[in-house]
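The values are calculated or read from the model by the stated rules, or taken from the named source; none is laboratory data. Since the structure is predicted, the reported quantities are computational estimates derived from the model, not experimental observations. For neighbour counting, all protein chains shown are included, and Cβ atoms are generated from backbone atoms with ideal geometry for every residue, glycine included.
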Amino acid sequence: QPVVAVVGRPNVGKSTLVNRIIGRRQAVVEDVPGVTRDRVPYDAQWNGRAFTVVDTGGWEPDAKDRAAAIALQAETAVATADVVLFVVDAMVGSTDVDEAAVKMLRRSAKPVILVANKTDNTAIEMEATALWSLGLGEPYPVSALHGRGSGELLDAILDALPEAPKIVENRPRGPRRVALVGRPNVGKSSLLNRFSGEERAVVDSVAGTTVDPVDSLVQIGGETWQLVDTAGLRKRVGKASGTEYYASLRTAAAIEAAEVAVVLLDSSEVISEQDQRILTMVVEAGRALVIAFNKWDLVDADRRYYLDKEIDRELRRIPWAIRLNLSAQTGRAVDKLAPALRKALASWETRIPTAQLNQWLTALVQATPHPVRGGRAPKILFATQAGVAPPRFVLFTTAPLDAGYQRFVERKLREEFGFEGSPIDISVRPRK
Ligand code: GDP
């Protein structure tokens with residue numbers, strides 16, 4: 001999600017403008033001279049585009065080195081934002097403080113939109129024209145308080161934002177796409193047959209020929225699902241050359257085409273390298289993941305003991321995957337598959353509201369700050385969720401984070417918000 005930073009002197013009406021942009025009366029702290037606000041991000045939307053507005057707060061106007069304070073604020077804004085709104089009080093006109101800030105802003109390559117706030121009437125609008133002199137291009141005359149000119153400003157913000165897909169609300173969607181994958185003989189066809197209720201995944205008509213990907217629509221748990229490339233599950237008669245390589249490409253393609261993958265493992269055998277490769281494909285493709293331990297009917301107490309150890313060892317890197325113990329043959333726990341798929345997909349598409357995310361993050365870094373490194377500790381300024389399917393997060397920081405601390409944040413993020421059955425991605429954008 002793109003970030004729009006609001007920068008300006010105290011009392012130019014930044015909070016009011018943020019309120020106007022986010023379109024609701026929210027408890028945005030008032031602009032009181034001398035009160036330094038934290039950088040608070042808010043979710044905003046205009047014409048189907050979502051973005052994050054960051055109120056960069058006021059700086060300490062009585063600070064000794066005022067220019068340095070402004071520079072720091074402007075730098076932070078520029079480093080973390082895609083677009084900067086530079087707010088000036090149209091009734092006051094530009095001041096030397098404004099001009100100092102403009103210098104910093106112009107040095108950056110970021111698009112800056114000049115907002116002439118408090119333009120409550122046409123008389124002030126005439127005054128606002130003088131702000132062309134700041135060299136930031138056309139001033140947008142706006143009355144954040146009364147709403148005047150805010151539509152034009154929002155249009156200008158959208159124009160300046162990087163390209164992004166429109167948010168489409170309530171798009172009708174077809175059945176969810178599932179890849180049923182696993183090495184040969186783990187029971188894929190057997191499981192598919194359970195759902196399709198007929199012997200459909202049997203013998204390929206021509207031995208060793210490539211079959212165009214053919215999906216199947218099957219009922220699982222009272223819902224229709226699209227099983228991707230079930231033609232690939234058909235048994236080939238005889239041994240085609242390069243079969244394994246071909247099967248692996250086919251598995252990768254099925255995973256890519258799916259939203260959620262069911263990786264079938266054979267509980268009666270050790271978790272193999274080939275199993276691991278398939279799991280890795282799912283994780284790297286960023287798909288939701290359900291691991292089904294098939295042939296559970298063959299698992300006795302002895303095998304169970306070793307299997308638990310294997311799981312601890314081999315699946316440690318994906319503790320978030322949903323696991324099921326089932327038997328395609330007896331039908332054991334096969335009814336658990338649909339709920340598991342739904343849960344994994346829900347996690348995969350989870351969006352955490354920015355305010356909630358940052359509330360949690362603030363508490364986390366307060367309780368466990370980043371360890372001090374070379375005399376100072378990197379700070380996390382704020383976070384946004386950049387996307388879903390799978391959930392992707394961006395942490396805006398003062399410096400790169402230690403790998404260990406980043407893992408800690410990811411673990412805590414999962415503890416707080418779940419994401420069971422889905423990979424998540426966290427990237428760090430250090431202020432440069
Ligand atoms: P695929 O290659 O993954 O499609 O595997 P198949 O569905 O062809 O199954 C391979 C073998 O495992 C067949 O002999 C199946 O009868 C057997 N099989 C599949 N599922 C189970 C199960 O849950 N329990 C047991 N005991 N055998 C199974």
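Things worth noting here:
- Within region 286-299, residues that are assigned by TED's automatic domain parsing to the domain that holds L324 and without any contact (Cβ under 8 Å) to a residue 60 or more places away in the chain reach partners that are among the charged types (D, E, K, R) and assigned to a strand (DSSP E or B) with beta carbons closer than 9 Å, at six or more positions or on different chains, in the pairs I291/R323; F293/D266; F293/R323; L298/D266.
- Taking first residues from region 330-350 that are within 15 Å of G222 (Cβ to Cβ) and partners that are within 13 Å of the ligand (Cβ to nearest atom) and part of a loop (DSSP other than H, G, I, E, B), the Cβ contacts under 8 Å between residues at least 6 apart in sequence or on separate chains come to V334/L326; V334/S327; V334/A328; K336/L326; L337/L326.
- If you go through region 318-359 and pick out every residue that is closer than 12 Å to G418 by Cβ and surrounded by fewer than 16 Cβ atoms within 10 Å (Cβ to Cβ), you end up with 1.
- Checking every residue in region 229-240 against the condition of being away from the ligand (no atom under 16 Å from the Cβ) and surrounded by fewer than 18 Cβ atoms within 10 Å (Cβ to Cβ) gives zero matches.
- Residue check for V142: more than 16 Å from the ligand (Cβ to nearest atom) and modelled with pLDDT of 90 or more: yes
- Search result, residues across region 272-323 that are touching a Phe, Trp or Tyr at 6+ places or on another chain (Cβ under 9 Å) and of a type in the set (K, R): R287, R323
- Qualifying residue in region 265-275 (condition: assigned to a strand (DSSP E or B) and away from the ligand (no atom under 16 Å from the Cβ)): no
- Within region 180-194, the set of residues being more than 6 Å from the ligand (Cβ to nearest atom) and surrounded by fewer than 21 Cβ atoms within 10 Å (Cβ to Cβ) comprises L192, N193, R194.
- Members of region 309-342 that are within 16 Å of the ligand (Cβ to nearest atom) and closer than 19 Å to D275 by Cα: R323, L324, N325, L326, S327, A328
- Taken as a whole, the condition of being touching a helix residue (DSSP H, G or I) at 6+ places or on another chain (Cβ under 8 Å) and over 30 Å from V178 (Cβ atoms) applies to L381.
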